[in-house]
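Heads up: the structure comes next, in structure tokens.
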Number of protein chains: 2
Amino acid sequence: MKPVSWQQVKITGSFWANWQKINQVSLYHQYRQLKKTGRIDAFRLNRGAGKKILPHHFWDSDVAKWVEATALSLWQNFDRGLAEKLEKTVKLIVSAQQKDGYLNTHFTVVEPEKRFTNLRDSHELYCAGHLIEAAVAHWLATGKTLFLKAACRYADYLCQVFGPRKGQIRGYDGHEEIELALVKLFRVTGCQRYLSLASFFVEERGKKPHFFDWEARNRGEDLTTLRRSYQYYQAHCPVRQQREVVGHAVRAMYLYCALADLALEKKDKSLLRTLRLLWEDLITKKIYVTGGIGSTREGEAFGQAYELPNDTAYCETCAACGLVFWSHRLLHLEKKAKIADIMELVLYNAALAGISLEGKTFFYVNPLWSGGNHHRQSWYDCACCPSNISRVISSVGQYAYSSSEKDIWVHLYMESKAELHLADSQVILTVKTDYPFDGKVFIKVEPGKICDFTLFLRIPGWCRSWKLFLNGEEKVLPVSSGYLRIKRTWKNGDYLQLVLEMKTEYLQAHPEVRFDIGQVALRRGPLIYCLEQVDNKVSLHRIILPARPELKASFRPELLGGITVLTGKAYYLTAANLSGWLYREAEAFSLQPIKITAIPYYAWDNRKAGQMTVWVRRQEN
Amino acid sequence: MKPVSWQQVKITGSFWANWQKINQVSLYHQYRQLKKTGRIDAFRLNRGAGKKILPHHFWDSDVAKWVEATALSLWQNFDRGLAEKLEKTVKLIVSAQQKDGYLNTHFTVVEPEKRFTNLRDSHELYCAGHLIEAAVAHWLATGKTLFLKAACRYADYLCQVFGPRKGQIRGYDGHEEIELALVKLFRVTGCQRYLSLASFFVEERGKKPHFFDWEARNRGEDLTTLRRSYQYYQAHCPVRQQREVVGHAVRAMYLYCALADLALEKKDKSLLRTLRLLWEDLITKKIYVTGGIGSTREGEAFGQAYELPNDTAYCETCAACGLVFWSHRLLHLEKKAKIADIMELVLYNAALAGISLEGKTFFYVNPLWSGGNHHRQSWYDCACCPSNISRVISSVGQYAYSSSEKDIWVHLYMESKAELHLADSQVILTVKTDYPFDGKVFIKVEPGKICDFTLFLRIPGWCRSWKLFLNGEEKVLPVSSGYLRIKRTWKNGDYLQLVLEMKTEYLQAHPEVRFDIGQVALRRGPLIYCLEQVDNKVSLHRIILPARPELKASFRPELLGGITVLTGKAYYLTAANLSGWLYREAEAFSLQPIKITAIPYYAWDNRKAGQMTVWVRRQEN
């Protein structure tokens, strides 16, 4: 099973077409912010002597991610204005490259003497990684080689500087990213040394004696001043010995992406075993019901097992994007729909909540409960999230399909047209659907010529009942690893109708999650729902759902860009006399019937401010 | 109704005698810490030039509070070793006084040029207040005038420096304390100017134009750099206009103490109205079930109404001590047992939890839920709490009684002997009781000569049923404002037996407290209980109490210094298959019967570390 390129999938309408339009507005907005804050002009290399030192030495990555997201977006929806900004920016970036290939505005201008002296904290290779990813996307989208060549020169330079040989730095970056980027560069160039360097960085990580100590001693620093534990950097032990997802969630995701890339490229079963343990730890102990990860603000990190508070949930948007990337990679190693379930969950909920429906404000932090004071911002000093969610939306089609010589997989259902390459044929799949609000999916299959292959359609984990019609006729077919398997001789004109039953469900958390006990979350299809005070004008924590879901789903085209809302009966916890006391001998409260409305979690905080909750109390059976 | 002095009450046995022994050990421990950290030697005034600047400019207050607590303790239980340390320390403190009366080690030695230039942040008058309180206690306990005279010289100097006249500073301290101390000094000296200065400080607070702004401009500071809102200092509006308890909880308590003192001394009804509104806001919206106050770490402050999270509860020990002080004062203005209910609640729960059963470790922060990582420390950089709880324990007897010309009140029941002064007689009350574990109270009344007066015995708010026996005969007598009223002609040999029924109750929180919904707290008598993992070897949040309390109370003399534990049946939330999933479609969990044990909240974290919770889930009726 091989991933398809984002270039093979065109979003043609419905949900994601709408989001790609929003994303285009967002890319303009992000450009204005990058410009206004000096991030783009930093590549003019004139912010040195006498000028104020700029707040983040990882500004380059913000620009690089915008370039990548914009290149991806233009491929989907060409826009002259954006294309001009893109080309101007790319030229400016490349102009900042040094003779030796080095490309980093901060360490070229502000602290040139510190180049590669503090990999632990400087984000130097993190920035390099994003530049490389941007260059690859730019080349694929435009065919222009200027940026890709610069990226190769930079990567070649890195291949000289880093490595196990004498005179080379035997280390790795505190913020992973370079590893996955080098694999990407290897895949488009075929240059083995990039793959080797990625592998080197991964294998060095966490070895003793510890590189970060060596490096700190070289800087003359006192080792006792280390602010973070090595867990924070996933550098507490060699990567192959790691068994639990720990530390900074975004860093962890980028590392695991590289592990999956290397496991695939090198058919490395030991790495795959590590990945399986990490994945299991994540999805059974450290992920929110929205797919959000990284529960604690302290170190933007994973908490302990089951430590998943809703109000203080950190759930950085970038971590959600990172989990989309990782699950997409792991899916191709494992070929199991269960992994695509997580990818889908994160995409439609934790990740998508990161951007507003106007595209001009963003969440960095995505709690599952809000008192009404948490809002998307138009920008951040640490502005990693906006361009990250844009990268995901621009290229969302790539997550929907995979193919091999004789098989095609459909993982996600979105209105799109995909060109898939089998061993000796090109198959065009045209999908029509109102997913994620409706479970009916129409798929037209055009193999060009008559052709044998197997089409695998994912039956989502949330779906309890489905029907498949082939050319109008119902078929009962086997499901393996979560995919309906349709093996036949295909011809142009064949079509499929998959009907996935979308029921509203109550989800419960494992009882070890103390924050969710006695409560349920609402799920319909791939969407997790929430209550907002603007729809439910009471204290949300006093709402009690009936023991079994009695909620009606109805599509409201005028609301929040068109969403399916859930409405129904619930109860409101109250008492005859609620004034003048704070504690009293326990009495039964009364339950006053009320009507409630739930909206998809991704759409919250797009209207009047107020409380929001994902988890809602429920009557005991 | 007038308060009694701590000198009129001798603790004679049982619960508080035990705590006063612990407290003595604690005072030795605290002295060692004060010595070790340089706080005492700072009064040698040799920490200036060339020496490291010490971390807190309010160190003096730590020493002063230890002096006060030790003087109080020695009155109760003389100890030669402590007495020697006390006298040495007092002499050292007085030796640091400047010719003009000023007495502050930091601003005499480290930053002499900054004297009284930053009242907002410097704690200068806060330290002065604690020195004055210490001096008053030292004089009362020992009859020695050295320290009291020094305190008067300092107060006289303050009366010159501060005030409304030209050349005086028209301001007030960022951390209230001086106000209540000046009233105390006025009460022992009769010097009206101390009362006037206290009143001046109170009335200036929060007036516009704002003193803190004026002061900051004088320092050449940018007003936009103010880290805190004026609410933090209770200086957002004139004190008489304040309606809600806001800001730093300890500061608030000390201010309200002064308001109560001034309302009493000046028979000021407008101040009393203010106090009533503040009290009402506190007890109906901002206090924990343990009596803890100040819910947020940010600014050590009160949160919004009903914002009472259990795991992140701040509940500083000093704030609890402050609430004991305030409620004691307000009780004498209001003469209502409801106020003594709060005083008792705080004393036995939020305050007493601040010190370990060995007396050598202390909580600064008192959460109502712990994951097992929150422990008492032997000292703190900001070490305000240890000596504060010691002050309370040393002088706890004073909270039990009040008297007027013809009335005696018993607010709290503790094994003690009290000498109470009526208009023309001295009455000795001798109380025997195993309170707070048992509700039987024996009171011997010795008026010396035959004498008419009314004895008021508080019927605690938690008590639903009681009996009173006078000289062995049951009496049914009226209760007014929460006090049983026994008016008669008393003679030596009279005795009372009060039997307060102590049942274990479930308490519920107002439904607006989202953190407590569906849960109950256990109360028996004045004690709030908690579950600790050492007694209940399961995840505490998965315990479900039966709909009605089925708990047996039994005294365990060997456990935690002798406590009554609650044991009984409960359920444990579980399911057939709990591995491999984190979220699933909601099913009924099963309830496995278990036995649970609860201990008084004050005694937690004195054994093996583990989870602790005050609130426990309960089956719906």
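On the basis of being polar (S, T, N, Q) and in a helix (DSSP H, G or I), does B:Thr117 make the cut?
When the stated conditions are applied, B:Thr117 does not pass them.
Can you run down the residue pairs with Cβ atoms below 9 Å, 6 or more apart or on separate chains, where the first is in the stretch B:533-549 and more than 23 Å from B:Asn373 (Cα to Cα) and the partner is open to solvent by 10 Å² or more (accessible area, probe 1.4 Å) and β-branched (Val, Ile, Thr)?
Short answer, once both residue conditions are applied: B:Pro549/B:Thr504.
Looking at B:Gln97 and the list (1) open to solvent by less than 40 Å² (accessible area, probe 1.4 Å); (2) part of a loop (DSSP other than H, G, I, E, B); (3) at pLDDT below 95, which single condition is not satisfied?
(3)
Does B:Glu307 satisfy the condition of being touching a residue at least 24 places away in the same chain (Cβ under 8 Å), under 23 Å from B:Leu368 (Cβ atoms) and not basic (Lys, Arg)?
No: the conditions fail for B:Glu307.
Tell me whether the stretch A:44-51 contains one or more residues that are outside any helix (DSSP H, G or I) and either aliphatic (A, V, I, L, M) or under 29 Å from A:Leu347 (Cα atoms) (or both).
Initially, the stretch A:44-51 is screened for residues outside any helix (DSSP H, G or I), giving A:45-51.
With either aliphatic (A, V, I, L, M) or under 29 Å from A:Leu347 (Cα atoms) (or both) added as a condition, the list becomes A:45, A:49.
Yes: one or more hits.
Can you tell me how many residues in the stretch B:601-615 are away from chain A (no Cβ under 11 Å), under 30 Å from A:Arg617 (Cβ atoms) and surrounded by fewer than 22 Cβ atoms within 10 Å (Cβ to Cβ)?
Of the residues in the stretch B:601-615, 1 are away from chain A (no Cβ under 11 Å), under 30 Å from A:Arg617 (Cβ atoms) and surrounded by fewer than 22 Cβ atoms within 10 Å (Cβ to Cβ).
Please enumerate the residues belonging to the stretch B:392-421 that are in contact with a Lys or Arg (Cβ under 7 Å, 6 or more places away or on another chain) and open to solvent by 10 Å² or more (accessible area, probe 1.4 Å).
Hits for the stretch B:392-421 are B:Ser403, B:Ser404, B:Glu415, B:Lys417.
Can you find, within the stretch B:588-600, the residue that is most open to solvent (accessible area, probe 1.4 Å) among those that are more than 7 Å from every other protein chain (Cβ to nearest Cβ) and either in contact with a Leu (Cβ under 9 Å, 6 or more places away or on another chain) or modelled with pLDDT under 95 (or both)? Give the steps one after another, and end with the answer.
Start the filter on the stretch B:588-600 by keeping residues that are more than 7 Å from every other protein chain (Cβ to nearest Cβ), which leaves B:590-600.
Going one step further and asking which of them are either in contact with a Leu (Cβ under 9 Å, 6 or more places away or on another chain) or modelled with pLDDT under 95 (or both), we end up with B:590-592, B:596-600.
On the way: B:Ser590: 57, B:Leu591: 71, B:Gln592: 89, B:Ile596: 0, B:Thr597: 22, B:Ala598: 0, B:Ile599: 0, B:Pro600: 0 Å².
By that ranking, first place goes to B:Gln592.
Looking at this structure, is A:Asp121 open to solvent by 50 Å² or more (accessible area, probe 1.4 Å) and closer than 20 Å to A:Cys384 by Cβ?
When the stated conditions are applied, A:Asp121 passes them.
Kindly provide the set of residues from the stretch A:567-587 that are of a type in the set (Gly, Ala, Ser) and within 11 Å of chain B (Cβ to nearest Cβ), ordered by number.
The answer is A:Ala575, A:Ser579, A:Gly580, A:Ala586.
Yes/no per residue for (1) among the polar types (S, T, N, Q); (2) surrounded by fewer than 24 Cβ atoms within 10 Å (Cβ to Cβ); (3) at negative phi; (4) touching a helix residue (DSSP H, G or I) at 6+ places or on another chain (Cβ under 9 Å):
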| site | (1), (2), (3), (4) |
| --- | --- |
| B:Phe162 | no, yes, yes, yes |
| B:Arg170 | no, yes, yes, yes |
| B:Leu180 | no, no, yes, yes |
| B:Leu185 | no, no, yes, yes |
| B:Thr189 | yes, yes, yes, yes |
| B:Leu197 | no, no, yes, yes |
| B:Glu204 | no, yes, yes, yes |
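Out of B:Ala141, B:Ala128, B:Ala71, B:Ala137, I need the residue that is part of a helix (DSSP H, G or I), in contact with a helix residue (DSSP H, G or I) (Cβ under 8 Å, 6 or more places away or on another chain) and open to solvent by 10 Å² or more (accessible area, probe 1.4 Å). Which one?
Just a single option satisfies the conditions, and that option is B:Ala141.
Just the residues that are hydroxyl-bearing (Ser, Thr, Tyr) and either open to solvent by 50 Å² or more (accessible area, probe 1.4 Å) or modelled with pLDDT under 95 (or both), please, taken from the stretch A:473-520.
Result: A:Ser480, A:Ser481, A:Thr489, A:Tyr495.
Would you confirm, using the coordinates I've provided, whether B:Ser370 is within 14 Å of chain A (Cβ to nearest Cβ), open to solvent by less than 10 Å² (accessible area, probe 1.4 Å) and either out of contact with any helix residue (DSSP H, G or I) (no Cβ under 6 Å at 6 or more places or on another chain) or on the phi > 0 side of the Ramachandran plot (or both)?
For B:Ser370, the condition - within 14 Å of chain A (Cβ to nearest Cβ), open to solvent by less than 10 Å² (accessible area, probe 1.4 Å) and either out of contact with any helix residue (DSSP H, G or I) (no Cβ under 6 Å at 6 or more places or on another chain) or on the phi > 0 side of the Ramachandran plot (or both) - is met.
Kindly indicate whether any position in the stretch A:345-359 is assigned to a helix (DSSP H, G or I) and either surrounded by fewer than 22 Cβ atoms within 10 Å (Cβ to Cβ) or charged (D, E, K, R) (or both). Steps first, please.
So the first thing to find is which residues in the stretch A:345-359 are assigned to a helix (DSSP H, G or I), and the list is A:345-354.
Cutting the leftovers down to either surrounded by fewer than 22 Cβ atoms within 10 Å (Cβ to Cβ) or charged (D, E, K, R) (or both) gives us none.
Within the stretch A:345-359 (the criterion being assigned to a helix (DSSP H, G or I) and either surrounded by fewer than 22 Cβ atoms within 10 Å (Cβ to Cβ) or charged (D, E, K, R) (or both)), the answer is no, since none of the residues qualifies.
With the stretch A:155-259 as the region, which helices (runs of 4 or more DSSP H) entirely inside it contain at least 1 residues that are of a type in the set (A, V, I, L, M) and in contact with a His (Cβ under 8 Å, 6 or more places away or on another chain)?
A:178-189
Among the candidates B:Phe147, B:Phe78, which residue alone is over 25 Å from B:Ala198 (Cα atoms), out of contact with any Gly (no Cβ under 9 Å at 6 or more places or on another chain) and either open to solvent by 50 Å² or more (accessible area, probe 1.4 Å) or in contact (Cβ under 8 Å) with a residue 12 or more places away in the chain (or both)?
Step by step, each of B:Phe147, B:Phe78 is checked, and only B:Phe78 is over 25 Å from B:Ala198 (Cα atoms), out of contact with any Gly (no Cβ under 9 Å at 6 or more places or on another chain) and either open to solvent by 50 Å² or more (accessible area, probe 1.4 Å) or in contact (Cβ under 8 Å) with a residue 12 or more places away in the chain (or both).
I need a count of the residues in the stretch A:276-292 that are surrounded by 23 or more Cβ atoms within 10 Å (Cβ to Cβ) and assigned to a helix (DSSP H, G or I).
Residues in the stretch A:276-292 being surrounded by 23 or more Cβ atoms within 10 Å (Cβ to Cβ) and assigned to a helix (DSSP H, G or I): 3 in total.
So, in the stretch A:504-526, how many residues would count as being over 22 Å from the mean Cα position of the chain (by Cα) and either part of a strand (DSSP E or B) or acidic (Asp, Glu) (or both)?
Of the residues in the stretch A:504-526, 10 are over 22 Å from the mean Cα position of the chain (by Cα) and either part of a strand (DSSP E or B) or acidic (Asp, Glu) (or both).
Just to be sure I understand, how many residues within the stretch B:503-537 are basic (Lys, Arg) and at the interface with chain A (Cβ under 7 Å from one of its Cβ atoms)?
First pass over the stretch B:503-537, keeping only residues basic (Lys, Arg): B:503, B:514, B:523-524, B:537.
Imposing the further condition that a residue be at the interface with chain A (Cβ under 7 Å from one of its Cβ atoms) reduces the set to B:514.
Number of matching residues: 1.
Given the criteria out of contact with any Ser or Thr (no Cβ under 9 Å at 6 or more places or on another chain) and either in contact (Cβ under 8 Å) with a residue 40 or more places away in the chain or under 19 Å from B:Leu119 (Cα atoms) (or both), does B:Glu203 qualify? Quick ask: steps written out before the conclusion?
On the way: out of contact with any Ser or Thr (no Cβ under 9 Å at 6 or more places or on another chain): yes; either in contact (Cβ under 8 Å) with a residue 40 or more places away in the chain or under 19 Å from B:Leu119 (Cα atoms) (or both): yes.
Yes; evaluated as a whole, the condition is true for this residue.
Keeping to the stretch A:459-505, report how many residues are polar (S, T, N, Q) and under 18 Å from A:Leu429 (Cβ atoms). Step through it out loud before you land on a result.
So in the stretch A:459-505, the residues polar (S, T, N, Q) come out as A:465, A:471, A:480-481, A:489, A:492, A:497, A:504.
With under 18 Å from A:Leu429 (Cβ atoms) added as a condition, the list becomes A:471, A:489, A:492, A:497.
Of the residues in the stretch A:459-505, 4 are polar (S, T, N, Q) and under 18 Å from A:Leu429 (Cβ atoms).
Out of curiosity, is B:Leu34 crowded, with 20+ Cβ neighbours inside 10 Å and not in a helix (DSSP H, G or I)?
no
Limited to the stretch A:542-587, what total is found for residues that are open to solvent by less than 30 Å² (accessible area, probe 1.4 Å) and either in a strand (DSSP E or B) or among the basic types (Lys, Arg) (or both)?
The number of residues fulfilling the criteria is 14.
Going through A:Leu347, A:Leu282 one at a time, which residue ends up being more than 13 Å from every other protein chain (Cβ to nearest Cβ) and at negative phi?
So the residue among A:Leu347, A:Leu282 that is more than 13 Å from every other protein chain (Cβ to nearest Cβ) and at negative phi is A:Leu347.
Could you grab the pairs with beta carbons closer than 9 Å, sequence gap of 6+ or different chains, first residue in the stretch B:311-331 and crowded, with 24+ Cβ neighbours inside 10 Å, second one acidic (Asp, Glu) and not in a helix (DSSP H, G or I)?
B:Gly322/B:Glu316
It is to be established whether one or more residues within the stretch B:211-228 are open to solvent by less than 10 Å² (accessible area, probe 1.4 Å), under 22 Å from B:Cys384 (Cα atoms) and of a type in the set (Asp, Glu).
No: zero hits.
The values are calculated or read from the model by the stated rules, or taken from the named source; none is laboratory data. Everything numeric in this text was worked out from a predicted model, so none of it was measured. Neighbour counts run over all protein chains shown; Cβ positions are idealised from the backbone, glycine included. The accessibility values were calculated without ligands, DNA or RNA, using every heavy atom of the protein model including side chains. Shrake-Rupley method; radii C 1.70, N 1.55, O 1.52, S 1.80 Å.
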